[in-house]
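All of the numbers you see were taken from the coordinates with simple rules; none came from a lab. Predicted, not measured: the structure shown is a model, and the values here were computed from it. Neighbour counts run over all protein chains shown; Cβ positions are idealised from the backbone, glycine included.
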Amino acid sequence: MIGFYKRALYGLLILLVTSIVLVLIALDQTFLSSPLMPRQASTYGWFSETDTDQYDGGSSTAFLSDDSFLLDAELRLTETIERPYTAVSMVFHDANNQRIHRDLSAYQHITFQIKCSTNTVLTMLVYTVDSVITQPHNYLTYRAPHSYFNCSSQWQPVTLDLTDMTLPAWWLHMFNLNLADNGYSLEQVAKIQLGTTAQSPLNETIRVQVNSLTLRGEDWQTLYLTAGLLILLWLGYIVWFVRAHGHALVSGLQHKILSERPLVAYQQLSLAPHRNSPSDSIIRYLAEHFSNPELNVDMAVNALGINRTKMNELLKAELGLTFTGYLNKLRLAEASRLLSITDNGNIADIAYAVGYKNISYFNKLFKEEYGCTPKSFKQHFDKASSPKSEQNSH
């Protein structure tokens, strides 16, 4: 059994390490995090640009002083036109600095820290491709859902849901689309823009600073698949453990039975049949009468004419056991033999056959000796022998 427990322990340790590694990999794949700022840590290449209403006849301005560690811009709205606007954008590009579309469909949120010199309301727009309307490099033809958020003079965290943004009504009107056609896809994103709103102050320069801009997403399928795999691995280990434990237990019991059969007394008498020492007389007497439920030390003393103390000393010296200990050893060894060879043996009948009148006491002694009850002992042997019996019958 020690060998089995060592194998089981090694298997458990391997399974634990494997589980930890799989969980760590699954968590890394489940909770996605792609920084866009600072630039050197960005997962996707991008460059910054400003966008104002000057193309529509306005005079609003946008000045970008830094876009490496943080996005630091000064935005100023003027009331030259009816709907002034000004913004800064992060435009995605490839290795050759050519404008491209990025697939951001794996992300559900965008988080960042922001601070403004004046309390205001700003907006973030995500320029996505419309398969019918969009014309490359004409950003007016892109679906640009947006979300509003407050900005104050203190640094504050902002989290926006990329999957629950709103398309401008004027854009839908422009292309004669249904106002309920508010859907968009993040599979092709050209740029992310930060701009002023109708509630931003006019004729006042607003310094906007943004850092720690990060795309975040959750892919639960990976975690579910990993959990399923781990369940199968652990179930497999449990099934192996139960089966291997049963085989190891049967093997251990068989070894124990063989090591004690055909009873210590019989072994010694067969090795030295002509010896007639006091200890041999005691052993022979016990071997012949152990099944007598009335047998006790007084009966043996009277039958052999040996002093009680002397009898125990002889048995202790010869076998390392007292009279009672050796008697129980004989009875239990014979009981284990009968249990292993009897197809439908009754536990009580076997207990009586080897000299026990009290079944509970027999069960207690048997469990102490073999580590399991007589019933379990027999079940293990029945299971171990049944496949062999079936093979032999065929």
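Structural remarks
- Dipole axis of the chain (+1 Lys, Arg; -1 Asp, Glu on Cβ), positive-most option in TYR361, MET90, PRO145: TYR361
- Net charge over other residues, Cβ less than 14 angstrom from the Cβ of ASP181 (K, R count +1; D, E count -1): 0
- Using C-alpha pairs under 8 Å with a sequence gap of at least 6, the mean separation divided by the residue count of the chain gives a relative contact order of 17 percent.
- Helices assigned as whole DSSP H runs in the chain whose Cα atoms extend at least 30 Å along their own long axis and whose mean Kyte-Doolittle hydropathy is -0.5 or higher are found at 2-30, 220-260.
- ALA106 paired with THR309, simple spin-label distance in nm, labels 7 Å along Cα-to-beta-carbon: 8.7
- For the chain, a simple Cβ point-charge model (Lys and Arg +1, Asp and Glu -1, everything else neutral) yields a dipole of about 2840 debye relative to the Cα centre.
- The gain in end-to-end length when the ILE359 to ALA169 segment is fully stretched comes to 59.5 nm, 0.36 nm per residue minus the alpha carbon separation.
- Cβ-based exposure ranking for LYS191, LYS364, LYS378, LYS115, in which fewest neighbours within 10 Å come first: LYS364, LYS115, LYS378, LYS191
- Full extension of the chain between GLU187 and LYS367 yields a length gain of 58.0 nm, computed as 0.36 nm times the residue separation minus the alpha carbon distance.
- Alpha-carbon Rg/Rh ratio, for segment 2-42, with Rh computed the Kirkwood way: 1.43
- Summarising the label geometry, the points placed 7 Å from Cα in the beta-carbon direction at ARG207 and ASP161 lie 3.5 nm from one another.
- Estimated inter-spin distance, GLU218 and THR197, nm [label 7 Å along Cα→Cβ]: 2.6
- Per-peptide packing, taken as the mean over residues of other Cβ atoms within 10 Å, places 371-377, 166-172 in the sequence 371-377, 166-172 from highest down.
- Residue exposure proxy: HIS109, HIS173, ordered by other Cβ atoms within 10 angstrom of their Cβ from fewest to most, comes out as HIS173, HIS109.
- The fewest-to-most ranking of ASP161, ASP72 by surrounding Cβ atoms within 10 Å reads ASP161, ASP72.
- Computed over the Cα atoms of segment 40-126, the ratio of the radius of gyration to the Kirkwood radius (Rg/Rh) comes to 0.99.
- Multiplying the residue separation of LEU9 and ASP56 by 0.36 nm and subtracting their alpha-carbon distance yields 9.4 nm.
- A cut-off under 13 angstrom between Cβ atoms defines the neighbours of GLY355, and their net charge, with Lys, Arg +1 and Asp, Glu -1, is -1.
- About the Cα centre, charge dipole magnitude for segment 305-346 (Lys/Arg +1, Asp/Glu -1 at Cβ), debye: 180
- Note on ALA317/ASN346: beta-carbon distance plugged into 1/(1 + (r/R0)^6) with R0 of 30 Å gives a FRET efficiency of 0.20.
- Ratio of the Cα radius of gyration of the chain to 2.2 N^0.38 Å, where N counts its residues: 2.03
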